[in-house]
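What follows is a single structure, written as structure tokens, with notes after it.
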Amino acid sequence: MFKKILIANRGEIACRIARTCQRMGIAVAGVHSSADADALHVRIIGESIEIGGPAASDSYLKIDAVIAAAKATGAEAIHPGFGFLAENAGFARAVEAAGLVFIGPTPEVIERLGDKASAKHEAEAAGVATVPGSKTPSEDKAAIEALVREIGLPVMLKAAAGGGGKGMRIVNSFDGIGDEIESAMREAKNSFGHAGLIVERLIARGRHIEVQIAGDGAGNVIHLFERECTLQRRHQKLIEEAPAANLSTALRDKMLADAVRLGQRLNYRGVGTVEFIVSDDACYFLEVNPRLQVEHPVTEMVTGIDIVELMLRIAASDGLPCAQTEVSCGGHAIEARICAEDPANGFLPCTGEISYVQFPADGVRVETGIDSGSRVTPYYDPMLAKLIVHAATRDEALDRLGRALDETSIFGITTNEAFLKRLTALPETRNATFHTRLIDEQIDRLVDKTPGLDTEALALGGAFWMLQQRPPAAVNPWQSRALTGWQMSTGDQGLSPIPILHLASVGASAEIRFAPLQPDGSMLVGVNDAQLRVRLVPLHNDRFTAIVGTRSETVRITQDDQTIFVHDLRGIHALTAIPYLAFISAVAETSGELRAPMMGMILKVNVAVGDRIRAGDVAAILESMKMELRISCEADGIVTAVNCRAGETVERNAIVVVVEPASLT
């Protein structure tokens, strides 16, 4: 077995690989970008070398720098994790040429599988059915468009290299098809270094099921059963589980056999995932991911096999530690991916500093690369953590996952926690009648896009703010002008006659008034025209028993600068707190400013000063977290300023274009 390995990745997967190595007595070293110098994975690994700038292309994708780091730290082997260089045959070959061991498939197998078109050839040669579509990748825009017309709508454009939903587009109309092809090619080039696309017929309401395989490189291949990965947005998985529910024995056996047979044809070494799209009683090969998968923990939970350890033993020439007959599947496991993104805003990735993190303490496996104080940048994937639960039955596992999401608090940035909770509660999820388009079809049930006040959360936030004030002990805060600017002993029900605090939530705000604190610790809080009696009883750290009227629940409340975070049964509420006197003196921003929704690089500017622009027109295209975001005009007008250019990095909320409203008729 290896004495020391280099982990060539970041975030939660780097932490997870390190944990198995440390259990096995294998020393680890890591690499990091300048943006990740203080990241959790750097601290957990302990020894790490900075290999470049924030962008992945300047650091984690630099093959020479990664290999140099391995040699400098005395590592014998390199584990690539997933993403970055994990499916790069050139990297695997360079590792071997440097006298090191690549913990993964051979470079030749990666080449045969890394390109989706080539992988389809291998599957067909192994007698595995494939989705109808193109046989070879193309970078010719006109040829791709012609192929789309030949196959017929709807189709899926796919980056031939890589995966993870990048460089994928569903095409339902020939209108604007050229722009869609161009965008998919550009995203594929930026994510994987190759712009080639393949075109496949879209199976719109299928299920995404994959089989975990492992091989010793000598022709012996086993499966570790299947995983269900159907619940996706933007072709990226959100909820995964093992085993798949409502799957006939015949179809399961066919997929398992197909996956093993393909692995045997390839003389597969290491672990990999054979992915299928299932429609009714038929299954079609999609691709092979010749690496560790994000969702591998659910397989570990039902089989009891540490897949990272399995990779290490195979790479160290120990062979497969078990035969197929020794692999069993017990209970049910489900994983939820918590991402820094805003489901109510088209799943737009979010960046910023995480002020506070708290995960469930018991009975839940947590894989994460963040802690309180971590900074989410636009340079990498927005996934923050994975919650994995295991139970005897699927219903029990879903219930346990719901409780785990309730017990997880991530303050400071917007995440998809509440969305995941609604998704796991959908009838289609509970009874496993879902398909890959379910989230798109049910988005209105999953996302509350209507801005409004959560009066109870605002009352709790206001009460917390008042209780945090620390005037001298001899001074009653409810009688002190020094604290609030107002005396609070007059008014209806004892409420201060004039607001003391301004609280702003998503798309809404409220004026907060307070009545004197009562002997039992309660206070009357006015939220605009509503009045709620609130009592906060401290429990431990950030936890309180919140009593509102006659109802009580356990909540988490904390404050970071001007933001108060309230996590109750309805979700996480970020409330901006400004003393009312300061608020009313603020100057409102002028309109007509098109702002960057998040930090990123400007890919393209479509307008110039003096241009006439209509509502809905795209003024600029921004790239962040390997995604393209279109900055569109909200009203007709004339462009009066352009504050950006292609290739330039802009901050979140930066004004990129200014439009003076005007009639263009």
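The values are calculated or read from the model by the stated rules, or taken from the named source; none is laboratory data. Keep in mind the model is a prediction, meaning the values are calculated, not measured. Counting neighbours? That spans all protein chains shown, and the Cβs are built from the backbone with ideal geometry, glycine included.
With respect to (1) out of contact with any Cys (no Cβ under 8 Å at 6 or more places or on another chain); (2) among the hydrophobic types (A, V, I, L, M, F, W, C); (3) in a loop (DSSP other than H, G, I, E, B); (4) under 25 Å from Q562 (Cα atoms), the lone exception for C329 is condition (4). Here M168 does not fit the description of being under 26 Å from F82 (Cβ atoms), of a type outside the set (V, I, T) and touching an Asp or Glu at 6+ places or on another chain (Cβ under 6 Å). Identify, please: which residue in the range 426-469 is among the hydroxyl-bearing types (S, T, Y) and surrounded by fewer than 17 Cβ atoms within 10 Å (Cβ to Cβ) and is, among those, modelled with the highest pLDDT? Ranking the candidates gives T433 first. Whenever a residue of the range 384-397 is assigned to a strand (DSSP E or B), its partners that are polar (S, T, N, Q), lying with C-beta atoms within less than 8 angstrom and at least six residues away or across chains, give the pairs L384/T368; L384/T415; A385/T368; A385/T408; K386/T368; L387/T408. Looking at T649, T640, just one residue is touching a residue at least 24 places away in the same chain (Cβ under 8 Å), among the hydroxyl-bearing types (S, T, Y) and surrounded by fewer than 17 Cβ atoms within 10 Å (Cβ to Cβ), and that residue is T640.
When G610 is tested against (1) at positive phi; (2) in a strand (DSSP E or B), just one condition goes unmet, and that condition is (2). Just one of the listed residues (A392, A397) is small (G, A, S), modelled with pLDDT of 95 or more and buried (at least 22 other Cβ atoms within 10 Å of the Cβ), and it is A397.
The set of residues from the range 263-300 being assigned to a strand (DSSP E or B), surrounded by 21 or more Cβ atoms within 10 Å (Cβ to Cβ) and among the polar types (S, T, N, Q) comprises T273, N289.
For the range 355-370, the candidate set comprises residues that are modelled with pLDDT of 95 or more and part of a loop (DSSP other than H, G, I, E, B); within that set, the residue that is nearest to G571 (Cα to Cα) is F359. If you check K166, K158 for being more than 19 Å from P132 (Cα to Cα) and touching a helix residue (DSSP H, G or I) at 6+ places or on another chain (Cβ under 7 Å), only one passes: K166.
Against the condition crowded, with 23+ Cβ neighbours inside 10 Å, in contact with a helix residue (DSSP H, G or I) (Cβ under 7 Å, 6 or more places away or on another chain), of a type outside the set (D, E, K, R) and not in a helix (DSSP H, G or I), how does L113 come out, does it pass? So L113 does not fit the description; no. Does G331 satisfy the criteria of being at pLDDT below 95, surrounded by fewer than 20 Cβ atoms within 10 Å (Cβ to Cβ) and not β-branched (V, I, T)? So G331 fails the test. Counting just the residues of the range 352-368 that are over 27 Å from Y379 (Cα atoms) and not small (G, A, S), which one comes out surrounded by the fewest Cβ atoms within 10 Å (Cβ to Cβ)? Out of the qualifying residues, it is D362. On inspection, A646 does not qualify as part of a loop (DSSP other than H, G, I, E, B), at pLDDT below 90, more than 24 Å from the chain's Cα centre (by Cα) and among the aliphatic types (A, V, I, L, M). Taking the range 132-150 as the range and being under 17 Å from I203 (Cα atoms), in contact with a Lys or Arg (Cβ under 8 Å, 6 or more places away or on another chain) and surrounded by fewer than 18 Cβ atoms within 10 Å (Cβ to Cβ) as the test, only P132 passes. Which of the residues that make up the range 202-231 are at pLDDT 95 or above, within 27 Å of N172 (Cα to Cα) and not β-branched (V, I, T)? Those that are at pLDDT 95 or above, within 27 Å of N172 (Cα to Cα) and not β-branched (V, I, T): R207, H208, E210, E228, C229, L231. Considering the range 614-633, the residues that are at negative phi, in contact (Cβ under 8 Å) with a residue 40 or more places away in the chain and of a type in the set (D, E, K, R) include one that is surrounded by the fewest Cβ atoms within 10 Å (Cβ to Cβ), namely R614. Within the range 199-252, the set of residues being in contact with a Ser or Thr (Cβ under 6 Å, 6 or more places away or on another chain), surrounded by 23 or more Cβ atoms within 10 Å (Cβ to Cβ) and of a type in the set (A, V, I, L, M, F, W, C) comprises V199, L224, A242. Would you mind stating whether K62 is in contact with a strand residue (DSSP E or B) (Cβ under 6 Å, 6 or more places away or on another chain), of a type in the set (D, E, K, R) and modelled with pLDDT of 95 or more? Yes: the conditions hold for K62.
A single entry from D64, D38 fulfils the requirement of being assigned to a helix (DSSP H, G or I) and more than 22 Å from L292 (Cα to Cα): D64. Residues that are of a type in the set (A, V, I, L, M, F, W, C), within 22 Å of the chain's Cα centre (by Cα) and under 18 Å from A204 (Cβ atoms) within the range 158-183 comprise M168, I170, listed in sequence order.
All of (1) of a type in the set (D, E, K, R); (2) modelled with pLDDT under 90; (3) under 27 Å from D216 (Cβ atoms) hold for K166 with one exception: (3).
Within the range 67-99, being in contact with a strand residue (DSSP E or B) (Cβ under 6 Å, 6 or more places away or on another chain) and either buried (at least 20 other Cβ atoms within 10 Å of the Cβ) or closer than 21 Å to E12 by Cα (or both) holds for A69, A70, A75, A77, I78, H79, A92, V95.
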